[in-house]
Amino acid sequence: QVQLEESGGGLVQAGGSLRLSCAASGLTFRYGSTAWFRQAPGKEREFVGSITWSGSNIDYADSVKGRFTISRDTAKNTMYLQMNSLKSEDTAVYYCAARSFGRGVREYEYNYWGQGTQVTVSS
């Protein structure tokens, strides 16, 4: 059974940085990917970025390119989201997601989800 657990959220001032972690257990597929999504109050959940488990492909939403960096440590079964130059519009609940094969940017393409971690950026 795949379980995902996010951590690292919190309150930060605009321009600051945070690093989120997503610890995965039961993740045995080699050809899948993991992703970050976020949902701001009153808005739909949106794609932030993804990384294939091989690390060969990393994708980002245009809104975070150049500011956010996704990485993973396969030995620890953990994915990270380094967020720099944070803006108030980055305030959201951030979710970790995983899929067993391939990669994608749509919510419905991911089979497994964490509970989310709140990120609040104060201006």
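Some notes on this structure:
- Listed here are the strands (runs of 3 or more DSSP E) enclosed by the stretch 1-108 that have at least 3 residues being open to solvent by 20 Å² or more (accessible area, probe 1.4 Å) and more than 18 Å from SER123 (Cβ to Cβ): 3-7, 18-25, 58-60, 68-73, 92-99.
- Number of the exception - TYR60 against (1) under 11 Å from the mean Cα position of the chain (by Cα); (2) touching a residue at least 40 places away in the same chain (Cβ under 8 Å): (2)
- Number of the condition not met by ALA14 [criteria: (1) touching a residue at least 40 places away in the same chain (Cβ under 8 Å); (2) more than 15 Å from TYR80 (Cα to Cα); (3) within 15 Å of the chain's Cα centre (by Cα)]: (3)
The values are calculated or read from the model by the stated rules, or taken from the named source; none is laboratory data. Values in this document were obtained by computation on a predicted structure and should not be read as measured data. A quick note on method: Cβ atoms are made from the backbone with ideal geometry, for glycine too, and the neighbour counts reach across all protein chains shown. Just so you know, the surface numbers come from the protein's heavy atoms only, side chains and all, with ligands and any DNA or RNA stripped out. Shrake-Rupley method; radii C 1.70, N 1.55, O 1.52, S 1.80 Å.
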